[in-house]
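The next block holds one structure in the form of structure tokens; read it before the comments.
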Amino acid sequence: MRTNAGLALALFLASAPVPALAAPNEAVLAAAKAQDGPYRETLKGLVDVDTGTGDVPGLSTVEAILTARLKASGLTVGTRAAPAFGGNTLIGTRAGKGTRRIMMLVHYDTVFGTGDAAKRPYTERDGRAYGPGVADAKGGVAMILHVLAALEALHFDGYGTLTVVLNPDEERGSRGSRDAIAEIARDQDVVLSFEPSFAEAGVDAVTVATKGINYASLTVKGRASHAGGAPEAGRNAVVELAHQILQLQNLGDPGKGTSLHWTVVQGGTKPNIIPEAARAEGDMRYFVPSEYDRVLTQACRIIGTHRVPDTQVSFDLAKGRPPLPQNPATQALGERARAIYGELGSALALAEIGGGTDAGYAFQPDSPARPALLESLGIVGGHYHSADEFAVLASITPRLYLATRLVMEVSRDPAP
């Protein structure tokens, strides 16, 4: 889960609780309950190995574990290198007897450093599990493995193909795996992503929209001069940078959920020198894809107005993780998930979040109805990316039930 500017809950889609449309599917519920203990064992084994992005030895250890587990579930497993930070993206596939193509996606890297697993190994207390990446997203990795196990126990193979994608670099923008995610997702009917529940800590939710992330940079070139002896000969780049930041501070659009915050500023070298260079970096978040072009166009127009003469100003907006925008297919899948949860007598919130996930790469802007996407099918948890990160143990069975039922239900849909 990428949170470099803070991943906050933007909005709960308000609606009345969905009444149960049917009693629970007892066979699926029994299969989910049977996985509770094995799920915890799997989670402990994953958490107790350091897999910070770029920690290739740890990533390789977990890759071997996951490869063996996927093969044991009858999947053919291949790898693609993720060269930006190291490690491999695992791609497991299994053919069924149906027609629908279903993909399950999550990452196995974490934000934590080497040695953290030894300092804070997997522990359970007061109904919660703790440890580095216990929810984000090793809880999701374990969820996928045990959904596969539940489907095996139920002898269910009504899908056309079941594809599992596990990538090693999500916490650094999935730079080495994003192309593979987008390419594989393009051929799917449904993509289920297993990041943890993104809402208030410990609240059951799935995610139906995520913001995209872009990285703004503002550069000013001025002229150096002695600050005491000849300040008039200089062109103060720091002053011009401050002017430009103030000019650009209203590029966001709260009505569309667009924000641009300047977060890093650099300029000058010594107190007695008029600075000849200054730079600022900013974080842009957005739900609406067209906001990238609007912000870039407006910013390039605005920076034409200078406060300090003879300075050169440039603005750039580098694309990061794209959004998963609001769309009918995801909304419908979310409502379907709410109905399934209702079978257990439980409420499920549909959330929009202010941070990006790999669901943004899986979404196909030129084909928004296919694949249908749903995010946050992993475990319920909270305090992500901190030493207090936790997973709610009581959510294991309901979440396994939800994901297993979703796979089975969408498998039975007619071919598009």
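Every read-out reported here was derived from the displayed coordinates using simple, explicitly stated rules and does not represent laboratory data. Just so it is clear, the structure is predicted and the values come from calculations on it, not from any experiment. Counting neighbours? That spans all protein chains shown, and the Cβs are built from the backbone with ideal geometry, glycine included.
Here segment 101-195 carries DSSP beta bridges of which approximately 20% are antiparallel, counting only pairs with both residues inside. Dipole orientation for segment 194-255: of the candidates Tyr215, Leu248, Ala233, Ala233 has the Cα lying most toward the positive pole (charges on Cβ; Lys, Arg +1; Asp, Glu -1).
Backbone phi angles across segment 399-406, fed through the Karplus curve with coefficients 6.51, -1.76 and 1.60 (θ = phi - 60°), yield HN-Hα couplings of 6, 5, 4, 4, 5, 5, 4, 4 Hz in residue order; Gly and Pro are listed as x. For the chain, a simple Cβ point-charge model (Lys and Arg +1, Asp and Glu -1, everything else neutral) yields a dipole of about 420 debye relative to the Cα centre. Its alpha carbons considered, the chain gives a radius of gyration followed by a Dmax of 23.7, 85 Å.
Given their separation in residues at 0.36 nm each and the Cα-Cα distance between them, Gln326 and Asp36 gain 101.1 nm when the chain is fully extended.
For segment 18-114, the share of alpha carbon pairs falling in successive 5 Å distance bins from zero is 2, 10, 16, 18, 19, 14, 9, 7, 4, 1 percent. For Lys211, the lysines whose Cα falls under 20 Å of its own Cα, not counting residues fewer than eight places away in the same chain, are Lys256, Lys319. Here the gap between Arg279 and Ser217, fully extended at 0.36 nm per residue and compared with their Cα-Cα distance, gives a gain of 21.6 nm. Entry for segment 242-321 at q = 0.20 Å⁻¹: log10 I(q)/I(0) = -0.94, Debye formula applied to identical alpha-carbon scatterers, no solvent contribution. For Lys138, a cut-off of 16 angstrom between C-alpha atoms picks up these lysines, skipping any fewer than 8 places away in its own chain: Lys44.
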